[in-house]
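Encoded as structure tokens, the structure appears first; notes follow it.
The values are calculated or read from the model by the stated rules, or taken from the named source; none is laboratory data. For clarity, every value in this text was computed on a predicted model and none was experimentally measured. Here Cβ is always computed from backbone atoms with ideal geometry, including for glycine, and neighbour counts include all displayed protein chains. Side chains are part of the model used for accessible areas, which takes the heavy atoms of the whole protein and leaves out ligands, DNA and RNA. Shrake-Rupley method; radii C 1.70, N 1.55, O 1.52, S 1.80 Å.
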Amino acid sequence: PITHPQWFLPELVDVWTAHLHAHLDSGSSFVCDSAHTERTLQAYANERGTPVESLVAPMGASAGVSAASDRDASGTKHESTDEVPFWLTVGTIEPRKNHEVILDAFDLVRDEVPSRLVVVGRYGWHNDHIAERLEAGGTHGIEWRPSVSDDELDHLYRSSFGVIVASITEGFGLPVVEALQRGTVVLSSTGGALPEAGGRFVEYFEPSSPTELADLMRLHLTDPDHHRRQKELVASYSSPTWTDTARATGTAIRRLHAASSQHGDC
């Protein structure tokens, strides 16, 4: 909301700006969820003349990793019965999430190679034209699901052909980690911290290019060997957990506290 206010409601921009400025002006230290977030914070703080102390504690993911995670609340095992593979994207329908590029890429591919697109996320703001496309997408293989349970989302992650994350920028990119954790192929934009979240386990495209995304989608749909190799790579992914995040956060807080104590602050 501070670096890209055009994507947000004005009242949200006001709240975020006041909150951050209060912490900067009072000399607060910061624990950031990615190196990208830390760089952005440091640049903004230095520009204001209020430099800050900060460290990074990356986010984790731990939901849906048990052996029973492919069962719903009643204990029924999920089996995919869809002959047509589907792509999945997860995120609020807001400008930053860049759904337009996903929809444009899907339009380029769907008439060439059969596939579907499942969009999970509630409507946010400033995106009426995207909501209209999603609501009209049923006849084009697009399913919009504004609300799903944790079990349903877990099943969608696991049964999807691939997960697409197209954000223009992200502070971290939790859907990338959640999808990789479940052994699912991920196609991600290079926006913000997404390459930090996905590393070498993800294939990337420029967030402004539906053509690049469509090329990757087409490659996976038409080249089973490529898709299999990427699945094998993802299978070797080691997921961070929320326990890892808690430990890293505790370490960061202790280090920042020690640094502020040396400076005579408290």
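Would you mind computing the Rg to Rh ratio of the chain from its alpha-carbon coordinates, Kirkwood style for Rh?
1.00
Quick check: with the 1.4 Å probe, what order do Trp144, Trp242, Trp7, Trp87 take by accessible area, largest first?
Trp242, Trp144, Trp7, Trp87
How much of the calculated P(r) for the range 145-218 lies past 15 Å, in percent of all Cα pairs?
Of the Cα pairs, 52 percent sit more than 15 Å apart.
How large is Rg/Rh for the range 108-188, to two decimals, with Cα atoms and a Kirkwood Rh?
0.95
Any idea how far apart Ala235 and Tyr123 come out in nm if each label point goes 7 Å out from Cα toward Cβ?
4.3
Give me the net charge of Gln230's neighbourhood, meaning all other residues with Cβ under 15 Å from the Cβ of Gln230; Lys, Arg count +1, Asp, Glu -1. Don't skip to the answer; put the middle values down first.
Working: positive: Arg182, Arg200, Arg218, Arg228, Arg229, Lys231; negative: Glu203, Asp215, Asp223, Asp225, Glu232.
So the surrounding residues net to +1.
So how exposed is Val90, as accessible area in Å² (1.4 Å probe, rounded to 10)?
Around 40 Å² of this residue is reachable by solvent.
May I ask for the distance between the Cα centers of the range 110-159 and the range 86-100, given as a whole number of Å?
For the range 110-159 versus the range 86-100, the Cα centre distance is 8 Å.
Would you kindly find the accessible area of Asp25, with a 1.4 Å probe and non-protein molecules such as ligands, DNA and RNA excluded, rounding to the nearest 10 Å²?
Rounded to the nearest 10, the figure is 100 Å².
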